[in-house]
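Enquirer: Below: one structure in structure tokens.
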Amino acid sequence: MSNTDVSADNEVIKRSAEQPAAFASLFDRHAPSIYRYAAQRLGDDRAEDIMSETFLVAFEKRADYDLEVVDARPWLLGIATRLMRKHVRLEARAWKGMVADVAAQLAPDMIERAGARLDAARTTRRLASALRALTASDRDTLLLYAWGDLDYAGVAAALDVPIGTVRSRLNRARRLLRNAVGNPEIERETGDGRVDAAAQHA
């Protein structure tokens with residue numbers, strides 16, 4: 001199928017059972033976001049391989065896909081996340097330059113406020129140390145949320161865990177990051193789990 005296919009993801013996957021070529025439209029649709037997510041976690045060198053392997057695994061496992069779920073992106077990001085667990089050392093190097101970005105995604109004003117008290121390099125070192133202290137499951141949850149751009153339900157689907165587990169893991173990550181920069185405030189969340197930055201100043 002061409003990338004002009006406007007069928008929903010679940011319809012494409014269902015059709016691909018009898019027309020395997022139909023699965024190509026899923027690649028056209030989601031490959032860029034899978035690549036970006038992998039590149040942020042592992043760097044550009046490995047992102048292409050992770051993206052390709054993700055779609056290979058997805059194609060092989062398409063019969064197991066829950067056809068009630070319209071959007072396949074959480075499923076694809078979940079596959080990519082599991083594949084990336086083989087590359088922990090590589091990920092640690094890639095993270096070095098991305099620490100502030102992760103923190104900004106979780107709590108938009110954290111770096112700005114910390115900047116008034118700490119120099120940027122020191123803040124980054126503290127955040128890097130805090131992020132390294134996360135368990136693998138907390139880290140996967142955090143990065144699917146921050147870089148996969150999924151809401152709580154999407155992260156839960158990607159990792160096959162309850163939404164309450166996602167909420168707990170992200171709350172732990174936020175608390176760890178805020179404590180690392182000496183800003184232990186709790187922020188309110190919007191309905192989809194995104195932080196309501198405005199509420200922090202109310």
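Enquirer: Solvent-accessible area per residue for segment 119-168 at a 1.4 Å probe radius, Å²?
Expert: Roughly 43 Å² per residue, with all protein chains present.
Enquirer: Could you tell me the distance between the Cα centroids of segment 125-168 and segment 66-81, to the nearest Å?
Expert: Centre-to-centre distance over Cα atoms comes out at 16 Å.
The values are calculated or read from the model by the stated rules, or taken from the named source; none is laboratory data. These numbers were taken from a predicted model, which means no experiment stands behind them. The accessibility values were calculated without ligands, DNA or RNA, using every heavy atom of the protein model including side chains. Shrake-Rupley method; radii C 1.70, N 1.55, O 1.52, S 1.80 Å.
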